[in-house]
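Below: one structure, written as structure tokens.
The values are calculated or read from the model by the stated rules, or taken from the named source; none is laboratory data. Worth saying up front: this structure is predicted, and the values here are computed from it rather than measured. When we count neighbours, we look across all protein chains shown, and the Cβ atoms used for this are built from the backbone with ideal geometry, even at glycine. Side chains are part of the model used for accessible areas, which takes the heavy atoms of the whole protein and leaves out ligands, DNA and RNA. Shrake-Rupley method; radii C 1.70, N 1.55, O 1.52, S 1.80 Å.
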Amino acid sequence: MARLLLALVATTVLLLLAAAGGATAQQQQGCGNATFPAGRSFARCNTLPVLGASLYWTYHAANGTAELAFRAQSDATGWVAWGINPGGAGMAGSNVFVASPGGGGAVSVLTTILKTTSPALDNTTLSFAVPVPPTAEYAAGAYTIYVTVALPGNSTQQNTVWQAGPVSAGAIMAHRMSGPNLKSVKRQDFLSG
């Protein structure tokens with residue numbers, strides 16, 4: 001009886017480990033095949049749970065920075081955003097990078113702090129250092145924002161947010177206030193993923 005119980009426990013543990021490894025492999029496969037221009041590459045990636053988004057990064061422990069790319073599906077007339085909330089979870093208080101259509105077919109990047117859940121989108125200096133200014137591109141149905149950030153508090157654990165919405169007459173409009181748009185928050189570990 002003890003042998004049977006031991007075999008059952010061992011089998012259960014192996015199945016659980018295989019399932020966990022499979023989830024990790026599937027998550028990595030979802031974003032691991034991405035390519036970037038100009039020889040850019042990143043050490044890690046996560047397929048984010050909503051809004052067709054992925055985060056790619058390389059953490060530099062020597063100076064506490066993360067070089068990253070945020071990619072999210074959108075039509076060319078929409079906008080996407082990614083950011084860090086150094087003071088808590090959720091959108092209010094987040095320091096964000098917003099990519100949207102710019103003039104002449106270029107993509108512009110706005111940096112702003114979302115002080116409320118109905119923010120004014122003014123181009124603002126963020127509360128953490130941005131050693132490499134943000135750039136963005138639109139290709140293959142997705143915006144990609146590239147930036148290097150000094151992780152607030154030199155902590156690899158950060159509250160992150162992301163979002164997507166429409167643009168009308170050149171102005172960034174509010175995102176939907178339902179479904180996946182209200183679930184786009186994640187505690188991100190920049191050290192281990």
Yes or no: Ile172 under 23 Å from Leu121 (Cα atoms), at pLDDT below 85 and surrounded by 13 or more Cβ atoms within 10 Å (Cβ to Cβ)? yes
Pro166 passes all but one of (1) part of a strand (DSSP E or B); (2) of a type outside the set (Ser, Thr, Tyr); (3) within 29 Å of Gly103 (Cβ to Cβ); (4) under 17 Å from the mean Cα position of the chain (by Cα); which number fails? (4)
Select from the stretch 134-151 the residues that are over 22 Å from Ala34 (Cα atoms) and surrounded by fewer than 19 Cβ atoms within 10 Å (Cβ to Cβ) and list them in ascending order. Ala150
What residue, of Thr156, Thr160, is within 13 Å of the chain's Cα centre (by Cα), modelled with pLDDT of 85 or more and of a type in the set (Val, Ile, Thr)? Thr160
Within the stretch 44-98, take every residue that is more than 22 Å from Tyr138 (Cα to Cα) and of a type in the set (S, T, N, Q) and give me the one that is farthest from the chain's Cα centre (by Cα). Asn63
Tell me whether the stretch 100-107 contains one or more residues that are on the phi > 0 side of the Ramachandran plot and either free of Cβ contacts under 8 Å to residues at least 40 places away in the same chain or in a loop (DSSP other than H, G, I, E, B) (or both). yes
With the requirement that a residue be within 18 Å of Phe190 (Cα to Cα), open to solvent by less than 30 Å² (accessible area, probe 1.4 Å) and in contact with a Ser or Thr (Cβ under 6 Å, 6 or more places away or on another chain), what does the stretch 49-83 give you? Ser54, Thr65, Ala69, Gly83
Restricting the stretch 84-110 to residues that are closer than 16 Å to Leu151 by Cα and not aliphatic (A, V, I, L, M), the one most open to solvent (accessible area, probe 1.4 Å) turns out to be Gly87
